[in-house]
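What follows draws every value from the coordinates through simple rules; no lab data is involved. What you see is a predicted model; the values in this text were computed from it and never measured. Every residue, glycine among them, receives a Cβ derived from its backbone with ideal geometry; neighbour counts consider all protein chains shown.
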2 protein chains.
Amino acid sequence: MKTNQKPLILVTNDDGINAPGINALIEVAREFGDVVVVAPQEAQSAMSHAITLKTPLRFSKVQEIENVIYYKTNGTPADCVKLAFNQILERKPDLVLSGINHGTNSSISVIYSGTVSAAIEACIFGLSSIAFSLCDFSHDADFTASKIICRKIIENALKNGIPKDVCLNVNIPKIKIEEIKGIRISRQASGLWQESFVKCVDPYKQNYYWLTGEFVIHEPEAEETDEWALNHNFVSLVPVQVDMTAHHAIENLKKWNL
Amino acid sequence: MKTNQKPLILVTNDDGINAPGINALIEVAREFGDVVVVAPQEAQSAMSHAITLKTPLRFSKVQEIENVIYYKTNGTPADCVKLAFNQILERKPDLVLSGINHGTNSSISVIYSGTVSAAIEACIFGLSSIAFSLCDFSHDADFTASKIICRKIIENALKNGIPKDVCLNVNIPKIKIEEIKGIRISRQASGLWQESFVKCVDPYKQNYYWLTGEFVIHEPEAEETDEWALNHNFVSLVPVQVDMTAHHAIENLKKWNL
């Protein structure tokens, strides 16, 4: 970054450019530098790290207000990051922020989350990136406390730098700022979504199914996890990496008769 | 598994139920037990771990041939696994197989791959699962060697069991069986897809973009990686885990002023 330039911050999300959560994040981001928003035109929740290969991508400038330029795309969160780097941004961003998601992205949800995948995509390209989620799925969620938390973490990220090949997954409990006990560096808790499909019948007598589920935590007492932090009124901050190798299993597999 | 029951094997993929790759895998799987196929009705490549929340899911039985029952769904690969466990299978499968993908899923592609995500979804539910990919994107790819490799790995998986909370990501080079030097237990190589969007103009003078890219490997000489294995005529077998925590970064982040 040249000394005469303000930091350039890319902001994206998976709830879409009109979600209150991304606007809360933009409000904080613009305190730190010039902001370019490249976000899906419609909600893209649970799109994980999907990218668009079979249909063409489009993007267009929506508006420009002071130090914020807004672009919308028809792509997934990961597409937004790729489009921003390759077609939209004139220089490498100093920070990529994703969110604030309306809803939790802790534990196994990191795998399904479009919000976190956008941060991971930036991380793959060697950029500093942070995903923020508020544990409140409602459209009218109150982002007042979240903005204070985002500000504190962004300040630290710009000052200290994020470790190489790592992005941050931040989850914020749905409580007032004075009730938040602090920010805990955590690991991803072991858990899963236990499915319960809701079966319906259409007017043509054909069955169809809505995917729903309930989160089941395998280790509720593990104090070092994101789930424990959230359940005890802490913000959780999990460093996330892109190497999915189960290194501990390699020696065992080498004993197979292959 | 009761001793009087044959193993139950769930087969899925991301290229869709009509792809030659899944039919090659079914041919091998049925040698080992009863097979239920639950696969997307259309190609779902690069869908990663996306799941379908905003539109209803449907599935229907396509055919039943000897010990293989085929179902097609309108869902993603991860949806297929969830539907199979929750709505279709009468008992817990002994093994979940995904593929054989038409195209490579090594290195960073593990993040984008629907094929691997199906195996990961099964792993989240505590099941043994393997993703198979042939390094040949063509529809008419020759799966002769792949079937021999799949058979060997499935034999080992059923005999030895796959380590807990781990699934296997197998990539097979596009060469004849007699040219394959062996199966190497590997780790995910560090690399990325360097994007190069192809810009087009529609009849209404609007720009649109096709996402393409070239794979860039960061560590071509690292012999313990999947990329090295494939480039040296080995099959790569990478154990994959769902914990994405960058454990090594936790102590560093604890020094931040939060």
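FRET efficiency for A:Glu42 and A:Gln5, Cβ-Cβ distance as r, R0 = 45 Å, nearest 0.05?
0.85
Using only alpha carbon pairs under 8 Å that are at least six residues apart, calculate the relative contact order of region B:110-207 and give it in whole percent.
Value for region B:110-207: 30 percent.
What does the convex hull of the Cα atoms of the protein assembly as shown come to per residue, in Å³, rounded to a whole number?
Hull volume normalised by residue count: 164 Å³.
Positive end of the dipole of region B:161-258, charges at C-beta (+1 Lys, Arg; -1 Asp, Glu), about the Cα centre: which of B:Ile183, B:Gln194, B:Ala222 has its Cα farthest in that direction?
Of the options given, the answer is B:Gln194.
Charges at C-beta only: +1 for Lys and Arg, -1 for Asp and Glu. How large is the resulting dipole of region B:1-115 about its Cα centre, in Debye rounded to 20?
380
If you average the sequence gap of Cα pairs under 8 Å that are 6 or more apart and divide by the length of chain A, what percent do you get for the contact order?
17
Along Cα→Cβ at 7 Å, what distances in nm separate the B:Gly16 label point from those on the other copies, shortest first?
From this label point to the equivalent ones elsewhere in the assembly: 2.8 nm.
Name the GluC sites (Glu not before Pro) in region A:56-99 that are in a loop by DSSP and that have at most 10 other C-beta atoms within 10 Å, would you?
Loop-located and lightly packed - A:Glu66, A:Glu90.
With a Förster radius of 45 Å, plug the Cβ-Cβ distance of B:Lys174 and B:His248 into 1/(1 + (r/R0)^6) and report the FRET value to the nearest 0.05.
For B:Lys174 and B:His248, the calculated efficiency is 0.80.
Can you flag which of A:Lys255/B:Lys82; A:Lys82/B:Lys199; A:Lys82/A:Lys164; A:Lys254/B:Lys6; A:Lys254/B:Lys152; B:Lys72/B:Lys164 are past 23 Å Cα-Cα?
With Cα atoms farther than 23 Å apart: A:Lys255/B:Lys82; A:Lys254/B:Lys6; B:Lys72/B:Lys164.
Which whole number gives the average, over all residues in B:85-94, of C-beta atoms from other chains lying within 10 Å of the residue C-beta?
The mean count of partner-chain Cβ atoms within 10 Å per residue comes to 1.
Taking each residue of A:195-202 in turn, how many C-beta atoms of other protein chains fall within 10 Å of its C-beta, and what is the average?
Mean shielding by partner chains, rounded to a whole number: 3.
Give the percent of DSSP beta bridges with both residues in region B:1-133 that are antiparallel, rounded to the nearest 5.
Of those bridges, close to 25 percent are antiparallel.
Using square roots of five times the C-alpha gyration tensor eigenvalues, list the equivalent-ellipsoid semi-axes of chain B in whole Å, biggest first.
Over the Cα atoms of chain B, the semi-axes work out to 28, 24, 21 Å.
Starting from the exponent 0.38 and prefactor 2.2 Å, build the expected Rg for region B:65-119 from its residue count and divide its actual Cα Rg by it.
So the Cα radius of gyration is 1.25 times the expected 2.2 N^0.38 Å.
Quick one: A:Thr212, A:Thr73, fewest Cβ neighbours within 10 Å first, how do they rank?
Ranking A:Thr212, A:Thr73 by Cβ neighbours within 10 Å, fewest first, gives A:Thr212, A:Thr73.
What's the percent breakdown of Cα-Cα distances in region A:1-122 across 5 Å bins, shortest bin first?
P(r) for region A:1-122, in whole percents per bin: 2, 13, 24, 26, 19, 10, 4, 1, 0.
Per-residue ellipticity at 222 nm for chain B, helices alone: DSSP H runs ≥ 4 residues times -39500 (n - 2.57), over residue total, nearest 500 deg cm²/dmol?
When only DSSP H runs of four or more count, the value is -6500 deg cm²/dmol.
What are the ³J(HN,Hα) couplings of region A:130-147, residue after residue, when phi is run through the Karplus curve with 6.51, -1.76, 1.60 and θ = phi - 60°? Round to Hz, x for glycine and proline.
Result, rounded to whole Hz: 9, 9, 10, 9, 9, 6, 8, 6, 6, 4, 8, 3, 8, 9, 4, 5, 4, 5.
Using packing as a proxy for protection, rank B:167-179, A:101-113 so that the peptide with the highest average count of other Cβ atoms within 10 Å comes first.
In descending order of packing, they fall as A:101-113, B:167-179.
Calculate, in nm to one decimal, what B:Asn86 and B:Leu258 gain on full extension: separation in residues at 0.36 nm each, minus their alpha carbon distance.
Full extension of this stretch gives 57.7 nm more.
For chain A, give me every cysteine whose Cβ has no other Cys Cβ within less than 4.7 Å, ordered by residue number.
So far as the 4.7 Å Cβ criterion goes, A:Cys80, A:Cys135, A:Cys150, A:Cys200 stand without a partner in chain A.
Between region A:109-151 and region B:180-258, what is the separation of their alpha carbon centroids in Å?
Computed from Cα coordinates, the inter-centre distance equals 22 Å.
Please figure out what share of the DSSP beta bridges in chain B is antiparallel and state it in percent, rounded to the nearest 5.
Antiparallel bridges make up about 40 percent of those DSSP assigns within chain B.
Under unit Cβ charges (Lys, Arg +1; Asp, Glu -1), what dipole magnitude, rounded to 20 debye, does region B:71-174 have relative to its Cα centre?
Here the size comes out at about 240 debye.
Would you mind telling me the antiparallel percentage of the DSSP bridges in the protein assembly as shown, rounded to 5?
45
Trypsin sites (Lys or Arg not before Pro) within region A:1-63: which are DSSP loop residues with at most 11 other Cβ atoms inside 10 Å?
For trypsin sites (Lys or Arg not before Pro) across region A:1-63 that sit outside H, G, I, E and B with at most 11 neighbouring Cβ atoms in 10 Å, the list reads A:Lys2, A:Lys54.
So for region B:155-258, considering every pair of alpha-carbon atoms, how many percent are separated by more than 23 Å?
Across region B:155-258, Cα pairs with separations above 23 Å total 54 percent.
Looking at region B:180-258, which chymotrypsin sites (Phe, Trp or Tyr not before Pro) are in a loop (DSSP not H, G, I, E or B) and have at most 13 other Cβ atoms within 10 Å?
B:Tyr204
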